[in-house]
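J.: This structure is in structure tokens; I'll ask about it shortly.
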Amino acid sequence: MIWETYAFAKNIHLYRHGGLNLVYDVNSGSLHLLDAKSYRWLEDMIKSGAENRAAAGGDLTAAERGEITREFDQLAREGTLFSPEAELPPPYPETETPLLKAVCLHLAHDCDLACRYCFAGTGAFGGERGLMPLATGKRALDFALARGGARATLEADFFGGEPLLNTAVMRALVAYGRDAAAALGKRINFTLTTNALRLDDDLLEWLDLEKIGLVLSIDGRPAVHDRMRPLRGGGGSYAAVLPAVLNVARRRAAASPYALGAYYYARGTYTRYNTDFDRDVLHLADLGVGRLSVEPVVGGGGLALREEDLPALYASYDRLGEAYLAYAADGRPFSFFHFNAGLDAGPCLPKRLKGCGAGLEYAAVAPNGDIYPCHQFVGRSEWRMGSVYDEPAPPPPEIARQFAGAHINAKKACQSCWCRFVCGGGCHAANVDMAGDLREVYDLGCRLQRKRFEVAAYIRAREALAGSAA
Amino acid sequence: MNKHIQTIIKGNLSAAAPQGGCGACQASCQSACKTSCTVGNQVCVK
């Protein structure tokens, strides 16, 4: 029997949530619901250690042991429980130049808000405030299309600071990019990340026409939002941005929850001042905003999340999971980005091994044309990877090799973590900022990630049970 | 029908491992989060 020698801790995750006994099989991505007896036996085996596993489940009858053994064996044969660890080659072979699939264009290193948790220093990224010239934006798109090689699609996000401080350049770049991509037999999927302050009807018409995905920043309840996201001149921004957010939510009510096509997400940040962030999610859901992503602040000085905040944050995810199910049952469903666990149609294992692709498949371009591994690294000179004005176009520098080597098989903490194929090793920038190295992990972020996935898988199980009962 | 265990999701993650994946999927962080990488919650676009 496979469990006599199986490495349980890293390859399955057994847990109880909301009255259900669940086991997640890491290497296959399968999820099973256990009854109390099979759960207890498996729990006992995991706790026993290899030498004592034969004695596990001693309180079961011989008949029960036989039944459960047969079911475990059957699932093991199917490859959905106790599945073997796949042989995974390095995700980025040294002999290959990775093809770029996504670029983040920093249209403005300036902002009309002064958010307290802004990693970009209220837009300036530690440097001078300024806008990206059209010529630089064109060079950036040309660079990204060229570095995409045979890839058919490029994703290009307009980012800042606040990109709508540079709207004319954004519109011109969409027109330019469409033509430049078509000339190469490619296409560009554009997205816009904005604080929604300047998102008027005219602009929304154009964004819909161009099928541009939208990520709109709003934190939730008015007091929470206004505390963190003040206007540059003082005063809260909630009342100023809410109409545009609601307008988008109405226009794009049927948008993909998986961020495909002309989608939208209302994207908030929670800090240690709103560890009850589930109330912020539900505030927006109650207003009819159906695509929601509220996420933990990274860094943030005095706003930063701490170890002692975890119980409240876990409770918030627990409540949100139940509310998610209750709203759906009540005919008012909403999607929460981190509960989209990709359990049925998620990405393949090689993608999960690669992680986010920063520095390799993803790059950010500053207003002056400087290239960085991702938007989080912009403005940090030690992470500069060249310029879109370099002639000839720069090959991936040594920094790219560092990112190529920072995959989950190279991270000690990930090697033994059951959640490694969910996060792909986490955010590189957070790992550098909070743990000091690309190959280390931001432990508090990991713990929140594991909690989110537990709730997401629980939701999927509850949905399956409701479906089978219907 | 099993008596003790009910399968909710029958996964097959390792199937694509030998081929190395097609790479057509989105960049992980670009789509909605921009800070908290969650690779597993994307969809395979194939």
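J.: How many residues are touching a residue at least 12 places away in the same chain (Cβ under 8 Å), within 20 Å of B:T7 (Cβ to Cβ) and hydroxyl-bearing (S, T, Y) if we restrict to segment A:418-470?
T.: Matching residues across segment A:418-470 total 1.
J.: Within segment A:302-345, track down each residue that is within 29 Å of B:S14 (Cα to Cα) and open to solvent by 20 Å² or more (accessible area, probe 1.4 Å).
T.: Taking segment A:302-345 as the starting set, the residues that turn out to be within 29 Å of B:S14 (Cα to Cα) are A:321, A:335-345.
Selection gives A:L343, A:D344, A:A345.
J.: On to the next question. Counting only residues that are of a type outside the set (S, T, Y) and farther than 30 Å from A:Y24 by Cα, give me the helices (runs of 4 or more DSSP H) lying completely in segment A:339-426 with at least 2 of them. Let's see the steps before the verdict.
T.: On the way: elements: A:349-354, A:398-404, A:412-415, A:420-423.
Here the list reads A:398-404.
One line per residue, one yes/no per condition, for (1) of a type in the set (D, E); (2) within 14 Å of chain B (Cβ to nearest Cβ):
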{"position": "A:L349", "(1), (2)": "no, yes"}
{"position": "A:L353", "(1), (2)": "no, yes"}
{"position": "A:D370", "(1), (2)": "yes, no"}
{"position": "A:C374", "(1), (2)": "no, yes"}
{"position": "A:V378", "(1), (2)": "no, yes"}
{"position": "A:S381", "(1), (2)": "no, no"}
{"position": "A:R384", "(1), (2)": "no, no"}
{"position": "A:Y389", "(1), (2)": "no, no"}
{"position": "A:P392", "(1), (2)": "no, no"}
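J.: Checking the structure you have, find out if any residue of segment A:135-143 is open to solvent by 20 Å² or more (accessible area, probe 1.4 Å) and at pLDDT below 95.
T.: Looking for residues that are open to solvent by 20 Å² or more (accessible area, probe 1.4 Å) and at pLDDT below 95, one finds none in segment A:135-143, hence no.
J.: Which condition breaks for A:P89 when tested against (1) farther than 30 Å from A:A404 by Cβ; (2) without any contact (Cβ under 8 Å) to a residue 24 or more places away in the chain?
T.: (1)
J.: Moving on to the next point. With the condition kept exactly as written, say whether any residue in segment A:155-164 is at pLDDT below 95 and part of a loop (DSSP other than H, G, I, E, B).
T.: The answer is yes, given that some residue of segment A:155-164 is at pLDDT below 95 and part of a loop (DSSP other than H, G, I, E, B).
J.: I would also like to ask the following. Which ones in segment A:307-333 are part of a loop (DSSP other than H, G, I, E, B) and either without any contact (Cβ under 8 Å) to a residue 24 or more places away in the chain or under 14 Å from A:A456 (Cβ atoms) (or both)?
T.: Within segment A:307-333, the first condition is being part of a loop (DSSP other than H, G, I, E, B), and the residues that meet it are A:330-333.
If the condition is that a residue be part of a loop (DSSP other than H, G, I, E, B) and either without any contact (Cβ under 8 Å) to a residue 24 or more places away in the chain or under 14 Å from A:A456 (Cβ atoms) (or both), then A:D330, A:G331 are the ones that fit.
J.: Which one of the conditions (1) part of a loop (DSSP other than H, G, I, E, B); (2) touching a strand residue (DSSP E or B) at 6+ places or on another chain (Cβ under 9 Å) does A:D280 fail to meet, given that it meets all the rest?
T.: Checking A:D280 against (1) part of a loop (DSSP other than H, G, I, E, B); (2) touching a strand residue (DSSP E or B) at 6+ places or on another chain (Cβ under 9 Å), the one that fails is (1).
J.: Now for a different question. At least 1 residues that are open to solvent by 20 Å² or more (accessible area, probe 1.4 Å) and out of contact with any Leu (no Cβ under 7 Å at 6 or more places or on another chain) in each: list the strands (runs of 3 or more DSSP E) lying fully within segment A:1-83 that qualify. Outline the logic, then answer.
T.: On the way: elements: A:12-17, A:20-25, A:30-34.
Fully inside segment A:1-83 and qualifying: A:12-17.
J.: Let me ask another. Only one of (1) part of a strand (DSSP E or B); (2) out of contact with any helix residue (DSSP H, G or I) (no Cβ under 8 Å at 6 or more places or on another chain); (3) over 29 Å from A:G236 (Cα atoms) is not met by A:G185, so which one is it?
T.: Among (1) part of a strand (DSSP E or B); (2) out of contact with any helix residue (DSSP H, G or I) (no Cβ under 8 Å at 6 or more places or on another chain); (3) over 29 Å from A:G236 (Cα atoms), A:G185 violates only (1).
J.: Report yes if A:V294 is in contact with a Leu (Cβ under 6 Å, 6 or more places away or on another chain) and either surrounded by fewer than 17 Cβ atoms within 10 Å (Cβ to Cβ) or touching a residue at least 24 places away in the same chain (Cβ under 8 Å) (or both), otherwise no. Quick ask: steps written out before the conclusion?
T.: Values: in contact with a Leu (Cβ under 6 Å, 6 or more places away or on another chain): no; either surrounded by fewer than 17 Cβ atoms within 10 Å (Cβ to Cβ) or touching a residue at least 24 places away in the same chain (Cβ under 8 Å) (or both): yes.
No: the conditions fail for A:V294.
J.: Looking for something closer than 19 Å to A:V388 by Cα, at pLDDT 95 or above and open to solvent by less than 20 Å² (accessible area, probe 1.4 Å) - is there at least one such residue anywhere in segment A:117-133?
T.: yes
J.: Could you check segment A:155-193 and list, in sequence order, the residues that are open to solvent by less than 10 Å² (accessible area, probe 1.4 Å), among the acidic types (D, E) and either over 15 Å from A:L216 (Cβ atoms) or in contact with an Asp or Glu (Cβ under 9 Å, 6 or more places away or on another chain) (or both)?
T.: Of the residues in segment A:155-193, the ones open to solvent by less than 10 Å² (accessible area, probe 1.4 Å) are A:156-158, A:160, A:162-164, A:170, A:173-174, A:177, A:181, A:188, A:190, A:192.
Subset that is among the acidic types (D, E): A:157, A:162.
Across segment A:155-193, the qualifying residue is only A:E162.
The values are calculated or read from the model by the stated rules, or taken from the named source; none is laboratory data. In this text, all values refer to a predicted model and were calculated from it rather than measured experimentally. Positions of Cβ are generated from backbone atoms using ideal geometry, with glycine treated the same way; all protein chains shown enter the neighbour counts. We work out accessible area using only protein heavy atoms, side chains counted, and drop any ligands, DNA or RNA first. Shrake-Rupley method; radii C 1.70, N 1.55, O 1.52, S 1.80 Å.
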